[in-house]
Structure formats: structure tokens, C-alpha cells
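Derivation of every value follows stated rules applied to the coordinates shown; laboratory data play no part. Nothing here was measured: the structure is a model prediction, and the numbers come from that model. All Cβ positions, even for glycine, are placed from backbone atoms using ideal geometry, and neighbour counts span all protein chains on display.
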């Protein structure tokens, strides 16, 4: 999403901070992924942005949904999305949440450890399970595999355990890390998990048929990115190379950031500029507690300052509005040298993991949410 005339008009009339979302971009992203990986069953990762209007748009397009909690399940149910369109993909679930999901008819779960399989077997007997495998994340901005996933050998053992527990192991999942810039990461991951398919059948006679490629497709920020067609071609080539012998293979994908990231701009305002020692500081009305949490891991957004796009830039410490020293966005934000009070800052392509992370810490509300579809005729 670019800073077009509608966004600029909204910035002048609406109280900041706010997130302006274009639902048509969300729909376009869904269609692009569906075309890039023919036959893929798409499970939108609700955690990326759970606004009901995003979910409704994707629901009407035929999307399925990746849920991580009972809260997300209940939100989907309230929007007339049935449990058969959900995968409980969080591999760290409370037992009562597993039981609740099972009782309402959700029977597709992800696990990556023996204890999790035991919990599922006890609370959701006979359910389908997908085993998550850890894969290389080094080409991503936000690696995930230290917290999630098991090695391929252990995955085969988990598949056998699932069968012994009278569950139905149906496939394998992986995640190449959020904001992954190298399509070959998916090739390498599929080559790795193909061994799990082979050994599950060879050792235990268990025929898997689901390959869940997770998410990780990047959104444009400050680095060049491959487009979804590049990633889709790589996925299909790897499937044909390494999983050609799997009958009726079903590919799942769990996009989050790539579905909504470039659909929105976060609009903020400068509250203060000052000098502290040798550093120039700028404080804005959104910070790590109010939409920019990912920057604590140095996630880099493109930032545009209204009316000063062509001014010479210099480094600033950019911080949020709260009384907490953690509320620091960047130590080296390159902003116009003359940025000052009431200037408008746009964080480009900020539709994912912004309002979802926002709190009301210090009594400061998170960004309001508006939609292009509503403002186009009123501003």
C-alpha cells in the first residue's frame, strides 16, 4: 500500500495513531497465493490481524483458518465459520482448549512433542494430527524454529506414537520463518520433510498425504522480496521432485503477514523532538506497546514523513509515547533533518502484527482501525 491521496487526507482529518486497511488488497493477496500454488488449501493465520472484516472477506473467498487459541476459535464461530475450516496449529495447547475444540467439531491439530500428542489423544481421541518439523530459518527476519518444531527423525517417531495413541497422523508441517527472502528455503524444507513421508511409510506403513508449508512469504519493507509466484513455483517444483510418489497429496499453507501486511498503513504523529546528550530523539504517538512491538527485534518498516519525503535525512532515536524505557522503536531511524512537532509519519505495509500486539499500557489506547472502503466516499 502506498501513501496515496486518500491516506494523506485521512491523516489530516483523523486522530492518530490509526491503521488504514484496504480489504481489496487482502483479497488480491489471497487470490495470488491460490493461483501460485494450485489446489493449495489456505489457512489464514488469524493472529496476524483478527479484525472481523478481514476474516469475513477471507471467509467469503473460501479461506480456511489457522487458530492458536479458544479466543480465536470463538471469534471465527461468531462469524459463522465452521470448525471444519480450522486447524489448531499452535503446538502448545491447554488440555481444556483441546477438549473444547474437539467438542465443537474441530479435529485437526498440530503437535511437535510426545506430551502434546498425549494431550490430544486424551482430550480429542481419534483426531487428525500434523507433525511440525523444524527447518532452516536463516533467510528470515523473524526465525521461529528454536521454539517450534522437531527434527525429522523425531517426527517419524511422533507419527508412530500418534498411530499407537489411535490418532490419525495425516501429514507434516514446517515454517521457514517470518519474512523469508529466499524461495530456496521452501525447496530445502520440502526436501527435508520428504524424508519423514518416506520413513513413516517404510518403517510403519503410515501413508501421509498433507504437506503444510506454513507461512513466511515476505511483505515489502526495506529489502527486495521475491513475489508469491516465485515462491509458488519453487514449492511446486520441490513437491514434484521429492514427493512425486505421495498419492493424493494435499498442500496446506498458513499465511499471515503476507495476506494482510501490505494492505495497511499505520499513521502516527510527532509528539516531541529533543536532544539527549549527543543523540537526537523523536517521540511519536505509537510505540512498541501501541502497534510497533515487532521493532523490539529490529523489524524494519519503511517510514515516510508527510511533505518531507525529499529532505536530507539523518539518524534519530525514534520512541513511543509511554513512560517506559523499553518503548523505543529504533536507535537509528533515518528521518528528515527537520522533522518536528505534529509531523505525520507513515509506517508502510503495517497491516500485520500491529493492532494485534497493541495494548492500552499507560492508559493510552492502541491505534484505531479504518478501512479504505469506508473512507473513500467520505473524506
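A few comments on the model shown:
- Reciprocal mean inverse distance between Cα atoms of the range 262-375 - Kirkwood radius, Å: 14.3 Å
- Comparing mean-square fluctuations of 294, 280, 356 from a GNM of the chain with C-alpha springs under 10 Å, the top value falls on 280.
- Counting only DSSP H runs of at least 4 residues, each contributing -39500 (n - 2.57), and dividing by the residue count of the chain, the helix-based mean residue ellipticity at 222 nm comes to -9500 deg cm²/dmol.
- Residues of the range 81-97 with amide N under 16 Å of the 7 Å Cα→Cβ point at residue 60: 81
- Beta bridges per DSSP with both ends in the chain, % antiparallel, nearest 5: 45 percent
- Cα centroid separation, the range 188-233 to the range 288-303: 28 Å.
- Subtracting the Cα-Cα distance of residue 247 and residue 78 from their residue separation scaled by 0.36 nm leaves 57.2 nm.
- Taking a point 7 Å out from the Cα of residue 24 in the direction of its Cβ, the residues of the range 256-274 whose backbone N falls within less than 20 Å of it are 259-266.
- Histogrammed with a bin width of 10 Å, the alpha carbon distances of the range 50-255 distribute as 9, 34, 37, 19, 1 percent, first bin at zero.
- Using 0.36 nm per residue and subtracting the Cα-Cα separation, the extra length available between residue 312 and residue 168 on full extension is 45.8 nm.
- Interatomic Cα distance distribution for the range 185-292, bins of 5 angstrom, percent: 2, 9, 15, 15, 12, 10, 8, 7, 7, 6, 4, 3, 2, 1
- FRET efficiency, 1/(1 + (r/R0)^6) with R0 30 Å, evaluated for residue 13 and residue 331 via beta carbons: 0.35
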